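The values are calculated or read from the model by the stated rules, or taken from the named source; none is laboratory data. Being a predicted model, the structure only gives us computed values, none of them experimental. As a convention, Cβ positions derive from the backbone with ideal geometry for all residues, glycine included, and neighbour counts pool all protein chains shown. Calculation scope for accessible area: heavy atoms of the full protein, side chains included, ligands and nucleic acids excluded. Shrake-Rupley method; radii C 1.70, N 1.55, O 1.52, S 1.80 Å.
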Amino acid sequence: MSCVFLDLKIGKVNWQSKLNKAAHHTSDYSSTELILRRGQPFNISLNLKTTAQSWDNLTFIASTGPSPAESQQTKAIFALSEEGANGWSATQEPSEPRCLNFTILSPADAVIGRYKLQLQVLAGNKVSSKVLGQFVLLFNPWCPDDDVYMADEKERQEYVLNDSGIIFQGLEKDIQEEAWNYGQFEEDILDISLAVLDRSLNHREDPAVDVSKRNSPVYVSRVISAMVNSNDEKGVVEGKWSGKFRSGTNPLRWSGSVAILRRWYRARYRPVRYGQCWVFAGVTCTVLRCLGIPTRVITNFNSAHDKNLNLSVDKYIDVSGNNLHLSEDSVWNFHVWNESWFIRRDLGSFYDGWQVLDATPQEKSKGIYQCGPASTRAIKEGDVNLDYDSPFVFAAVNADCVTWIRYSKKRKERIYSDTRKIGKFISTKAVGTNSRVDVTANYKYPEGSAKERQVYNKALKLLGVRRPGKRSRIPRSRRGFSRAQPAETPSVSGKLLLDASPVVGQDIPLTLTLRNLTSDFNTIKVKLKASAILYTRRPKAEILQLHRSVKLGSEEVKEISFKISYSQYKNSLMDDRKILVTAVCQIKRGASLLVEKDIVLQDPFLTIKVLGPAVVHKPVSVEVTFTNPLCDEVTDCVLRAEGSGLLKEQLRIRVERMAPMETSTVKFEIIPYRSGTRQLQVDLVCTHFSDIKGFVMLQVAPAP
């Protein structure tokens, strides 16, 4: 055996951070630590204090977690030029005197996390060992052998490296875009993302086993879906959908994930108050992109919450057409969740691709509030028997809306099933632009098609759900007029229309149009009601009630014009800015009719101008112009700005006073610190009205 230096005196370890980070697509992380992706080689150099004569018996040890073990793939021992049992390997590159250059390769299924790297030298019966340092290993969408491999470079840029995005909200007929700062590369966010994993119930129960499972994106993503909400594990965000938000932050005030994750971390893991679905999805997207799993945010309009998982959202009315609150099922105007991209070794290759994850705490799965990953292929094919939580997601996009008429406590009758209402305009941000892409076809076959009903019936059978009675569809001529068609075809049709775009601070003019569908004379008693609602369609305050009587001659059409004045809604409107208008029409000759209209009030526009070219490390001025939408003076407003690569902390500027309808301009300065396409978000916060938000995309040039 050749003589090997026992005293390995290493002067310096050169991690070649800049070159390795560039090769591993991790240059954007705001960290001095070496951040690598698995399944890809990296280089290190050891500068020695003495000249080494031989290094034939060098061995590397890479370990992660609190109890590293080769049997659990959390420890790898690999000699030079030999592949270790766990797939790690090291080769020596051409070296100078007193300098050793090595290339180290981790396997494509390595556990992700923070690693310690040691060098061990054997001389006779004596072993000398030296800790070289630490590095972080992430999932690798660029590696064909990694479960998260994504072939398209433009998609990798979007779903892994883009640190800002758009989350769609609103109504199916009034889709709005909200900017969100994911900020996965900002300072501390990688450490926080790893801490999210370490705070999970799984980790607390058995840290060694938990860490050993972190080679699987299925496992890691499911843990994150549980940890982003605070219901079971004192996770990141506490949800709240009712009451005031005085003890925390109104969910509508958040513009990104960075402030939320930092607040959780700095408060020693106390849940951040408060979030709703888009907040949970935004934070989940940040953490998963940070860990290297391609992820995007999805919005489902008319999203069903099927409490009893019978694939039916049940609505009850009495004989007059009034709503009866007899079911826990609900239909939200929209719901936001995530999709992550990886293969499903547990299900088979047919189910590879986009997987649904939902961190919003709605229903328990395996005893805790978590949801997914559920394969979108499984959802589309009705394979609701497959892991994880496929029935819940299937119902959210494809449940039937069933209306029942309740005659007494013992007698009810199903009068129709609307098979088309749920799961509309399922949306996500496009690759490379801020436009909306409709991905509904990824979740279900065309509504009304034979295949769609076939899949639905397959799901019913797999869940063991039996349906009594026949389903009758809404006649095409009635669709859009009434949400609850009685068993008897109505003799009158109705429609509610807005006469102008509704804007906060202004009156809302509406018209109810009634059409007699018969040649007989008819009298209709109309009960109009307007309520302030949340995006979950839960009513919070009554705004208006009107009663009218209308006489219709043969096939006659009449209009009832009315308005909801600002004075009527200003003290009742929720921050969601949503109003539900209903008209219950009791018809003398024929069945009653219910007509509904969802309204979202628009905020005044906020304009943002960047006054000059944006260059890294050079100040540039920004001008923001906004208008007080009210006929009242407002005080104590705050203008907030944030954007990854532009502002390291959120900027806050006080706006002391604004006269009624006054337009104001505020200027501030930013110093970009990262080049490329950047999103600057601006938000005017005021207690007198809901936030006025805007954003601008700007190209930041590298420093000269």
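Projecting the Cα atoms of Asn43, Asn86, Ser31 onto the charge dipole of region 10-138 (Cβ charges, centred on the Cα centre) puts Ser31 farthest toward the positive pole.
Computed 3J(HN,Hα) for region 250-258, one whole-Hz value per residue from the Karplus formula 6.51 cos²θ - 1.76 cosθ + 1.60 where θ = phi - 60°, is 4, x, 6, 7, 6, 10, x, 8, 4, glycine and proline marked x.
For region 10-138, report the translational diffusion coefficient in µm²/s to the nearest whole number, using Stokes-Einstein at 25 °C, 0.890 mPa s, and a Kirkwood Rh over Cα pairs. This corresponds to a translational diffusion coefficient of 163 µm²/s. Once the Cα atoms are used to define both axes, helix 217-227 deviates from the longest principal axis of the chain by about 60 degrees. Just from its helices, what would the mean residue ellipticity at 222 nm be for the chain, if runs of 4 or more DSSP H residues each count -39500 (n - 2.57) and the sum is divided by every residue, rounded to the nearest 500 deg cm²/dmol? Roughly -4000 deg cm²/dmol at 222 nm, from the helical runs in the chain. Summing Cβ point charges (Lys, Arg +1; Asp, Glu -1) relative to the Cα centre of region 101-203 gives a dipole of roughly 1000 debye.
Note on region 606-700: Cα-Cα pairs beyond 16 Å make up 52% of the total pair count. For the listed peptides 633-641, 506-514, 11-19, a ranking on the average number of other beta carbons within 10 Å per residue, highest first, reads 506-514, 633-641, 11-19. Residues whose amide H lies under 5 Å from that of Glu556, counting only those 5 or more places away or on a different chain, are Asn516; hydrogens are built 1.01 Å from N in the peptide plane. Scanning residues 5 or more positions from Gly256 or on other chains, those with amide H under 5 Å from its amide H are Asn181, with H placed 1.01 Å from N in the peptide plane.
Taking θ as phi - 60° and the Karplus parameters 6.51, -1.76 and 1.60, the scalar couplings of region 446-457 work out to x, 4, x, 7, 4, 5, 4, 5, 4, 5, 4, 5 Hz in sequence order, x denoting glycine and proline.
Taking Cα atoms only, the orientation of helix 277-291 departs from the longest principal axis of the chain by about 20 degrees. Reported value for region 492-600: 87 Å³ per residue, from the convex hull of its C-alpha atoms. Centre-to-centre separation between the Cα atoms of region 81-148 and those of region 552-626: 59 Å. Translational diffusion coefficient of the chain (Stokes-Einstein, Kirkwood radius from Cα pairs, 10 °C, 1.306 mPa s): 56 µm²/s. Counting protein heavy atoms only, region 492-600 has 42 percent of its accessible area on carbon and sulfur, 1.4 angstrom probe. Residues Thr419, Thr663 ordered from highest to lowest accessible area at a 1.4 Å probe: Thr663, Thr419.
In degrees from 0 to 90, rounded to the nearest 10, what is the angle of the helix 189-198 Cα long axis to the longest principal axis of the chain? Tilt relative to the chain: about 90 degrees. Here region 10-138 is assigned +1 on the Cβ of each Lys and Arg and -1 on the Cβ of each Asp and Glu. Its dipole about the Cα centre then comes out at about 440 debye.
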